[in-house]
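The values are calculated or read from the model by the stated rules, or taken from the named source; none is laboratory data. Computed from a predicted structure; not experimentally measured. Heads up, the Cβs are rebuilt from the backbone with ideal geometry, glycines too, and the neighbour counts pull from every protein chain shown.
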Amino acid sequence: MLAIHLPRRLVGAGLLAAVLASGCATTAAPPAPDAIEEASPAPAPEASELIPVVRYGRYTLVELAPLAAQRDLLLQTIDVSMPEDARATVGDGLRHVLKRSGYGLCQTAHAAIELYALPLPAAHLHLGPMSLRDALLTLAGPAWELHADDRTRQVCFERPGGDAAAEPVPEAPAAEAVQTFPIDGGQP
């Protein structure tokens, strides 16, 4: 076998040339000035609030801001199955949905006591996934309004229009009876 001794400078220069040649790329000539289309100017970025982020893992950035459901607790998503008690009431269902939500059920409204005593429909044994507010409104039904006191974190239900709606509305007097005549078997 024949050994070829090349000077180190020649070998280093050859390697450098090989590396540079393998990394070369051709570039296209820039387009002619009359071939350039005018583009609409980019919209100015809106003045947005700076939201701090922290790197959480190699490729994940996490915003350091609370979620909307953490600010407004009635927006939290729930998925609840009620205990299958044969004598469950709407009040029991409301209390079960409010467990660990941060809110309690208001006990002072006399009109709402009537709501709490109603039987829990079978359709309400499983609620969700939905917001806590929607679950409470579903349990109460359309005849009741939801009022949340964020200071005391209590949820109350009232009839629309206050206690005036609690009294039954008297029926209007019936119109005079219309007199009917019997028909004798045929037409004249």
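Quick notes on this structure:
- Criterion applied to P168, P182, P160 was being in contact with a strand residue (DSSP E or B) (Cβ under 7 Å, 6 or more places away or on another chain), exposed (fewer than 12 other Cβ atoms within 10 Å of the Cβ) and at pLDDT below 90, and the one residue passing it is P160.
- Some residue of region 85-98 being closer than 16 Å to M130 by Cβ, under 18 Å from the mean Cα position of the chain (by Cα), free of Cβ contacts under 8 Å to residues at least 60 places away in the same chain and not in a strand (DSSP E or B): yes
- Residue match in region 62-73 (condition: under 24 Å from R159 (Cβ atoms) and in contact (Cβ under 8 Å) with a residue 40 or more places away in the chain): no
- Some residue of region 127-141 being modelled with pLDDT of 90 or more, part of a strand (DSSP E or B) and acidic (D, E): no
- Check on R133, basic (K, R), free of Cβ contacts under 8 Å to residues at least 24 places away in the same chain and surrounded by 10 or more Cβ atoms within 10 Å (Cβ to Cβ): no
- Among the residues making up region 110-142, those that are under 21 Å from the mean Cα position of the chain (by Cα) and among the charged types (D, E, K, R) are R133, D134.
- Region 98-112, residues that are under 15 Å from L136 (Cβ atoms) and in contact with a Lys or Arg (Cβ under 6 Å, 6 or more places away or on another chain): G102, Y103, L105
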